[in-house]
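A short write-up of the structure that comes next.
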Amino acid sequence: MEYCNCFESPWPADELLMKYQYISDFFIALAYFSIPLEIIYFVKKSAVFPYRWVLVQFGAFIVLCGATHLINLWTFTMHTRTVAVVMTTAKVLTAVVSCATALLLVHIIPDLLSVKTRELFLKNKAAELDREMGLIRTQEETGRHVRMLTHEIRSTLDRHTILKTTLVELGRTLGLEECALWMPTRTGLELNLSYTLRHQNPVGLTVPIQLPVINQVFKTSRAVKISPISPVARLRPAGQYMPGEVVAVRVPLLHLSNFQIHDWPELSTKRYALMVLMLPSDSARQWHGHELELVEVVADQVAVALSHAAILEESMRARDLLMEQNVALDLARREAETAVRARNDFLAVMNHEMGTPIHATIALSSLLQETELSTEQRLMVETILKSSNLLATLINDVLDLSRLEDGSLQLEIETFNLHSLFREVLNLIKPIAAVKKLYVMLNLSPDLIEHAVGDEKRLMQVLLNVVGNAIKFTKEGGISVLASVAKPDSLRDPRAPDFFPTHSDNHFYLRVESQPLAVKNSGGSGLGLAICKRFVNLMEGHIWIESEGLGRGSTVIFIVKLGIPARLNESKLPFLHKGPGNQVKLIFSGLKVVVMDDNSVGRTVTKGLLVHLGCDVLAVSSGDECVRAVSYEHKAVFLDVSMAAVDSFEVAVRIREKFSKRSDRPFIVALTGNTDRMIKENCRKVGMDGVILKPVLVDKMRSVLSDLLEHGYLVESQ
Amino acid sequence: MHRQLANMKQTLFDQGYLDEQFIQLEELQDDANPNFVEEVVTLYYRDSARLIQNIEQALEKSPLDFSKLECLMHQFKGSSSSIGAKRVKSECTQFKEHCRVGNADGCKRTFQQLKKEYATLRKKVEVYFQFARQIGPVEKACRSK
């Protein structure tokens, strides 16, 4: 520009150049001025821009450059010194600012560049996130599918529906060509094709379970890709096309027992079903990981659903069974009630109906007794009366039986004579035994007290039952009845380990043993023992049978609790067996008896004996005299049976005839030295009350008298 | 003295003349009947004397009426057993047995034996009672059975 000062106003040739320079400078200045404006404008607009100071600097630089160029415009022509000065100032400033800016830019530009790097980095990151998002979305979709499938599967508890639904949904979700389920057979040796998606006939196909491919699948819980030509996958009609990939997964079949608290079912289950899934052929689709996962999850869900279905089935079955049982029980209960009611009605009716004729019999027999009867007839009537009474008792006891069952039976406790109870039972049994040619032996132990407190009637029933049964089931020989006081150690019975009787002053335990002394026995122990058992239990006792074996008969033993009467002299029996003679004499004192013996010595001896005992004795030597002399005052008549001249039997008969009423008649006792059984029989036949063997001991006579006065008959021992 | 009496009685028992029935009779003897035994024995001898006579008469007949003999003997036996005359009783039983089988000789023989026993017993018992009477009631009270 300096060279321009020397020239003349140059609008000629250099005018064009000048013009262009002039215009360029002008535009440069314009641009230079507009740039900062733009910058300021845009920076003002943007929110964040950290380099303001730089911009200011840059702006200043630009402005100054522009100014320089603008001022340059005036330098093309002649210009004054002021312009030159301004120009210089402007240039100097511009130089300063530009240098400053240049220096500053050294710092700024790397920063700006790094911004770019960061931007790239962020873009990468965003791309990555996008990818992940895609994955998650896929997974979520899978999950949705699974949930839906599970929902479908679990919405039913029907096994068939579960399985069918599974296949259908899986087919739909994964777009399968074919989906099949192989279930193990009952034997567990084969897999049976149970369900398929599209294949038309699912049944009939079986494959053995021991195939390697199946084992491979069963070994792992993951879905396994298997070859399309393996037997389990050969379900599609063969064709030329490429079969799609096949995946198989195991489905554990769980049972109720598999669900332990700490034991995950995987470990304990043994049976698996096989699910085979086939992609469509010719589709070039591949099994993706998420699809395999889906399949595995579905398989597990199916297992759970199946097990639930199984549990439900079982519980339904159990409930049905219970309901059936309930119904049956109800019916049985109602039947039992009806039966009990029927039985009670029957018992009541029978009791009444049978009671009437029995009572009639008893009444009429009693009346008959009062009339004139021959000896035989009287005997017969007495037997009838006795039997009828027994029968009446039995009928009453039938009613007792129903009360026994209800538990409302009460024992009638009173004091009774134990010894005479036994003798009475034996006497009742003896006719039956005699018919069967059996003998009955009674053995009362010496420590058995005579009187006891208890239910005499029921005890007699038990005894009769036991002894009667023994007789019934003995063919030959006889039976022996042993009565004793039960000792604690002898009460041990293997069948009653809980039976611990206690001893006290108030009661003792009577032990009765009925034993066959038999040569031959038939079996059986009788039904009445059930009743006996109840009575015995009521008496706080125990009854049991011991048997040596078949054909040897059974020994029935029972123990009952009886009370001991408070004081002997409080009991209603005034007679004592033992005691000093004086006491005895008092007891028998004045007892009027008759002694008939034609032998004077014998007569005297017997008389002396009775007198010694305190009786008032009338001794006669002939039958007529005897019959004449006997009166209602006499309590006993002792007839010597070994007389030759007199038939004592006839005398006995006549005496009996003399007294119509039994209560007036004295006891007739035969004295004989003859041990022949025939004598005893004959005595019994004519109706004598007892037989005594001569020689008669004082004690014997004493006991005889006691027996007679107490019970009206003699015990036949010795 | 009472020891002597007891010995005498014991001898009678040991020799089999008397049995337990005699003891029984003695038992019947008490304050009410102090001489019961003696009375009974005396009665026995009176009675049996008659019986023996009858039997002798029956034995002299022939043929023997066994049933009658048996009957008589039965009575005699009864009396004898009532006082406890053991040996006499056994002879009676034998006699009856002979009668049953109809052995006349046996009967006669046994009867002789019987009479002997009877006499012996009578003598012995008489001595016993004499002795007893001498001792008196004190002894009777002290006698223990």
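Some observations on this one:
- Theoretical FRET efficiency, 1/(1+(r/R0)^6), r = Cβ-Cβ of B:Lys123 and B:Ala6, R0 22 Å, to 0.05: 0.70
- Once backbone amide H atoms are built at 1.01 Å from N, A:Ser547 has A:Thr555 as its partners under 5 Å, excluding neighbours fewer than 5 places away on the same chain.
- Vicinal HN-Hα couplings computed from phi for segment A:356-372 (Karplus, 6.51 cos²θ - 1.76 cosθ + 1.60; Hz; Gly/Pro x): 4, x, 4, 5, 4, 4, 4, 4, 5, 4, 4, 4, 4, 4, 6, 7, 6
- Distance between the C-alpha centres of segment A:339-370 and segment A:302-326: 59 Å, rounded to the whole angstrom.
- If the chain linking A:Leu129 and A:Arg285 were pulled fully straight, counting 0.36 nm for each residue of separation and taking away their Cα-Cα distance, it would gain 53.5 nm.
- Shielding by partners, peptide B:35-44 (average Cβ within 10 angstrom, other chains): 3
- Ratio of the Cα radius of gyration of segment A:424-467 to 2.2 N^0.38 Å, where N counts its residues: 1.31
- Over 19 Å between alpha carbons, listed pairs B:Lys9/B:Lys96; A:Lys386/A:Lys635; A:Lys430/A:Lys475; A:Lys386/A:Lys430; B:Lys96/B:Lys124: B:Lys9/B:Lys96; A:Lys386/A:Lys635; B:Lys96/B:Lys124
- FRET efficiency for A:Glu38 and A:Thr77, using Cβ-Cβ distance with R0 set to 30 Å, rounded to 0.05: 0.45
- Label-point separation in nm, A:Ala392 to A:Gln377, each point 7 Å along Cα→Cβ: 2.2 nm
- Mean separation of Cα contacts under 8 Å (6+ apart) over length of segment A:41-141, as relative contact order %: 27 percent
- Taking all Cα pairs closer than 8 Å and separated by 6 or more residues, the relative contact order of segment A:129-190 comes to 19 percent.
- Estimated distance in nm for a label pair at B:Arg100 and A:Glu633, the labels positioned 7 Å out from Cα along Cα-to-Cβ: 4.3 nm
- Averaged over the residues of B:76-84, the number of partner chain Cβ atoms lying within 10 Å of the residue Cβ comes to 6.
- Residue ranges B:76-86, A:67-77, A:138-148, A:632-642 sort as B:76-86, A:632-642, A:67-77, A:138-148 when ordered by packing (mean number of other C-beta atoms within 10 Å per residue, highest first).
- Distant-in-sequence amide H partners of A:Leu253 (H built 1.01 Å from N, under 5 Å): A:Arg271, A:Tyr272, A:Ala273
- Between the beta carbons of A:Arg319 and A:Ile564, assuming R0 = 60 Å, the FRET efficiency works out to 0.50 to the nearest 0.05.
- Neighbour counting of Cβ atoms within 10 Å sorts the residues A:Ser307, A:Ser227, fewest neighbours leading, into A:Ser227, A:Ser307.
- For the segment A:593-606, counting C-beta atoms of other chains within 10 Å of every residue's C-beta and taking the mean gives 6.
- Packing-based order for B:21-29, A:288-296, using average beta carbon neighbours within 10 Å, highest first: B:21-29, A:288-296
- Inter-probe distance in nm under a simple model that places probes 7 Å from Cα toward Cβ, at A:Ala100 and A:His352: 14.2 nm
- Label-reachable residues, segment B:7-37, where backbone N falls under 14 Å from a point 7 Å from B:Arg133's Cα toward its Cβ: B:35-37
- Each Lys and Arg contributes +1 and each Asp and Glu -1, all at the Cβ; summed about the Cα centre of segment B:21-115, the dipole is approximately 600 debye.
The numbers here are math on the coordinates, done by the rules we state, and not lab data. Just so we're clear, the structure is a prediction, and the values are computed from it rather than from any experiment. Please note: Cβ atoms are built from the backbone with ideal geometry, for glycine as well, and neighbour counts cover all protein chains shown.
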